[in-house]
Structures are given as structure tokens and as C-alpha cells.
Amino acid sequence: MLISVIVTTYNRPDALLLVLQGLAQQTDSNFEVLVADDGSIADTQDVVTKKIWPFPVTHVWHEDLGFRAAKIRNLAVEKSQGDYVIFIDGDCIPRYDFIQGHRQKAERGWFVTGRRILLNPTLTTQAVSAKQDILAWSFWQWIKARLLGRCNRILPLLRVSILSGKGRPQEWRGAKTCNLAL
């Protein structure tokens, strides 16, 4: 089953680069990426097209006429080829087993919600500037970051907790597009 990963972004090429690098390290490689760009300047297109990624990538862009993330996501869905679609935000760096975890939970007629760890501004700046490779951190480094208030939680790091639940299409309450699949 081909998976389509739709990454929503707007003028954050630095964060988008980290997301694409995280996707390039996946244990499951049967996926395509569609960057749903809500009107970014040319720097974002450069991140998408100037590097050869180990997966097919399509840049879906529309003019910046204000916040229209839902519209650009829908345009990306129209261009997708996958049987299963994962939506993530352009600043959510996926772990190495992100695609694999979604594939294991995929089931027709259900959607899957996932979790994320929010970083404080200092840790975000360090990660984006490559001063910290947070994907390579040990569990103990994450505990320290949590105790210092640099992230909001560590539970999503546990393998059993990457994806938080499944729901029927009528049960959208609490679902967020930062990590959602159907």
C-alpha cells in the first residue's frame, strides 16, 4: 500500500528541511511526499527541489491570500497517489518509525490520530540551527529536557504511544492535523 504524506507549510523552510530529513530516515520507504505550501516564498520550493530525496516529492503551492491551510491540503490530496494519507505539519519532525507505525494502524473506515512533542522556543532554535540533533537523543536526554521545561511531554517517545488512537469519521473531536491519517 502506497502512503501519501502531506506536509503543510508556510514560510518555514528551515523546519521543513528537518521534516523532510526525518522522512528520509524512515524504516518504511513505501511512501510519497506532497508539500502543501500555503503561499510561501521561493525559499520553500528550494528546500523541496534542490535536493534529491529518497522518495517522490511534489510541491503543491497556491498564492498567499491569507491562511488557507485546508484548501492547500485538499489540493495536495487531489494530487496524491496513495491509498492512505498522513497529514503532518511542516514543523513536526517524524521519528524513524513514523510511517511504519501508521501503516500498522491503518484500517479502512477509520482515521488515526497521533501525538507530538512541543519544544520551547530555545530548543526549537537549537534544533533548527543544527546545534541539537533531537532525533538522535536518548530517552534520558528527553527526560532532562522535560524536567527543564524545554518540551511539553515525553510520552510520545514510547513506541506504544506514537499513535494515540483510532476513530470513525463521525468522531473527529480532539483530532489535530499535526499528525492525522486516514
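At an R0 of 22 angstrom, the distance between the Cβ atoms of Lys79 and Leu135 translates into a FRET efficiency of 0.20.
The loop-placed trypsin sites (Lys or Arg not before Pro) in the range 1-102, going by DSSP, that have at most 15 neighbouring Cβ atoms within 10 Å of their Cβ come out as Lys50, Lys51. Comparing Asn30, Asn152, Asn11 in a Gaussian network model of the chain, where Cα atoms under 10 Å apart are tied by springs, the biggest mean-square fluctuation is seen for Asn152.
Here the range 46-117 is treated as a Stokes sphere of Kirkwood radius computed over C-alpha pairs; at 20 °C and 1.002 mPa s its diffusion coefficient rounds to 147 µm²/s.
Using a cutoff of 8 angstrom between alpha carbon atoms and counting only pairs six or more residues apart, the relative contact order for the chain works out to 27 percent. Please quote Rg/Rh for the chain to two decimal places, taking the Kirkwood radius as Rh and restricting both calculations to Cα atoms. When Rh is taken as the Kirkwood radius, the ratio is 0.95.
Where the alpha-carbon atoms of the range 1-92 are placed on the principal axes, they occupy 36, 24, 19 Å, in descending order.
Dipole magnitude for the range 1-157: computed about the Cα centre from +1 point charges on Lys and Arg Cβ and -1 point charges on Asp and Glu Cβ, it is near 660 debye. Between Tyr96 and Leu118, full extension at 0.36 nm per residue minus the direct alpha carbon distance yields a gain of 6.1 nm. Our estimate of slack between Ile52 and Arg108, defined as 0.36 nm per intervening residue step minus the Cα-Cα distance, is 16.9 nm.
Bear in mind these aren't lab numbers, they're just calculated from the coordinates by the rules spelled out. Quick caveat, the model's predicted, so the values are computed rather than measured. Quick reminder, even Gly has a Cβ in these numbers, built from the backbone with ideal geometry, and neighbours come from all protein chains shown.
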